[in-house]
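Written below as structure tokens is the structure these notes are about.
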Protein chains: 2
Amino acid sequence: MIKYMILDVDGTLTDKNRLISTGAIDAMRAGIKNNLKISLISGNVIPVMFGLKTFLGINGAVFGENGGIVLQEDRIIPFFDKTQSFKFLNRMEKEVNIKPMFTNIWRETSAAFLLNGADPEYIMSEAIKDDLYIVNSKFTWHIMNKGQDKAYAVNYIKSEYKLMDSEIMVVGDSDNDNSMFELDVVKACPDNATEYIKSKSDFVSDKSYGLEIIDIMKYYNIL
Amino acid sequence: MIKYMILDVDGTLTDKNRLISTGAIDAMRAGIKNNLKISLISGNVIPVMFGLKTFLGINGAVFGENGGIVLQEDRIIPFFDKTQSFKFLNRMEKEVNIKPMFTNIWRETSAAFLLNGADPEYIMSEAIKDDLYIVNSKFTWHIMNKGQDKAYAVNYIKSEYKLMDSEIMVVGDSDNDNSMFELDVVKACPDNATEYIKSKSDFVSDKSYGLEIIDIMKYYNIL
């Protein structure tokens, strides 16, 4: 039985323009009323995740920076350090045409940028040399520490709440969700997910951009 | 004709537990489709306001710290300085039993705290001596600079977009909205507003906690 749902935000609870689906909000609130625990996990910064937790009424921990940092009961815990990531960002800014995200002022474990015509392949191969890696969350490119990914966050929840894999469900749609979809937990996705995510999913909804949440909950008898 | 709506968040778009009303989200999005400009203004920190702008799809500037700071087209502009406010917070922490908000790490123009049994009257009277003032936003107490209030933000919008008073509507419900309700703009409020806010309003909805938004828009022919 699913006790804990861990949901990606962009493209999973929102549409392409990042507008959050009111249907997804209603579904999450109904699940919470039924004693389901919900966590959100995103590439976004932790104060934005704090805002989502507050205003949507999320009852579990929320993770920012693709799993690098958590807000758990008013306590912020960064799992990684931002030093290497920002050093690499500064170097790349001089070498290629990228634009640092203005949200970097609130990042604690990674740096983010927009490709301004720069070649992502070059940046990716240079990052590996510094023990970093690059992940694209659709809206933004992120410079991450090795081991810093959403699977890290799912394992954190699993250990904190002493859950079995079969009690955890993850929902996501795109490349920065891949690591979660390689775990042995229950996996579901919207119709707008990538082919890779779909191939790894136990259930693929035919709904998209937030409307899949209620569909997935019904399929797994959570609602 | 109303061209620009400036909305408080807590208690105006949300319920008592700060859960945002999906009805308010739908109403704001419908207004925006009809070419209405919307700004949000709250005691919250600017990255939280950035998150609300992004995920709700707000098309105007968003203000944090009760009007002390704005996010306008990816540019953050603080109108005040936080030095005096934090100095006062540190002094009060030693003198009385208050609890600084963990969100203070993201504040740029003011400091916030929870009353932990401390006497608000004493804190208020001490603040005035330092040319500061204290405002209560229901969930939090804020140490503000003189002149830093929501009316300041409304006047900023008025001047930036060259609007007439009759083209601006403000909606709010509680004490930290008072300054906006002393302006000559159009004023509306939910049924859960304070008696003072109601007495200053041009229209008082009989709906509460977010459901008044569509009601107000219909009354003023915005929808």
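We did not get these values from a lab; they are worked out from the coordinates using the rules stated. Owing to the predicted nature of the structure, the values given are computational and were not obtained by experimental measurement. Cβ: placed from backbone, ideal geometry, glycine included. Neighbour counts: every protein chain shown.
For chain A, what proportion of DSSP beta bridges, expressed in % and rounded to the nearest 5, is antiparallel?
Numbers: 19 of 35 bridges.
Here the share of antiparallel DSSP bridges comes out near 55 percent.
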Once you place label points 7 Å from the Cα toward the Cβ at residue A:206 and residue B:129, how far apart are they in nm? 7.2 nm
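How big is D for region A:1-51, in µm² s⁻¹ as a whole number, if Stokes-Einstein is applied with the Kirkwood radius of its Cα pairs at 20 °C and 1.002 mPa s?
On the way: Rh = 11.7 Å.
This corresponds to a translational diffusion coefficient of 183 µm²/s.
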Taking Cα centroids, how far is region B:1-42 from region A:135-214 in Å? 31 Å
Alpha-carbon Rg with Dmax, taken over region B:123-223, Å: 14.8, 47
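Per DSSP helix of 4 or more residues, -39500 (n - 2.57); summed, then divided by the residues of the protein assembly as shown. What does that give at 222 nm, rounded to the nearest 500? If you can, show how the numbers build up before the last one.
Values: 14 runs with 142 residues, N = 446.
For the protein assembly as shown, the value works out to -9500 deg cm²/dmol.
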With a point put 7 Å past each Cα toward its Cβ, work out how far residue A:87 is from residue A:146 in nm, to one decimal. 1.4 nm
Charge dipole (debye, nearest 20) of chain A; +1 at Cβ of Lys and Arg, -1 at Cβ of Asp and Glu: 540 debye
Cut-off under 22 Å on the C-alpha distance; same-chain residues fewer than 8 positions from residue A:94 excluded. Which lysines are left, in chain and number order? A:82, A:129
Describe numerically, in nm with one decimal, the distance between label points set 7 Å from Cα along Cα→Cβ at residue B:155 and at residue A:221. 6.3 nm
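Within a 10 angstrom radius of each residue's Cβ in A:15-22, how many Cβ atoms of other chains show up on average? Whole number is fine. Mind dumping the intermediate values first?
On the way: counts 1, 0, 2, 5, 6, 9, 3, 9.
Partner-chain Cβ atoms within 10 Å, mean over residues of A:15-22: 4.
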Alpha-carbon Debye profile of region A:1-101, log10 I(q)/I(0) at 0.10, 0.13 Å⁻¹: -0.34, -0.54
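Arrange the following residues from fewest to most other Cβ atoms within 10 Å of their Cβ: B:91, B:107.
Values: B:91 12, B:107 25.
Fewest to most other Cβ atoms nearby, the residues stand as B:91, B:107.
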Radius of gyration and Dmax over the Cα atoms of chain A, both given in Å: 16.9, 53
Sorting B:181, A:80, A:102 on the 10 Å Cβ count, fewest up front, what's the list? A:102, A:80, B:181
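Taking the beta-carbon count within 10 Å as an exposure proxy, list A:110, B:208 from fewest neighbours to most.
Details: A:110 29, B:208 18.
The fewest-first ordering by Cβ neighbours comes to B:208, A:110.
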A convex hull over the alpha carbons of the protein assembly as shown yields, per residue, a volume in Å³ of 155 Å³
Bins of 10 Å from zero: percent of alpha-carbon pairs in region B:83-145: 24, 65, 11
Looking only at the protein assembly as shown, where both bridge partners belong to it, what percent of the DSSP beta bridges are antiparallel (to the nearest 5)? 55 percent
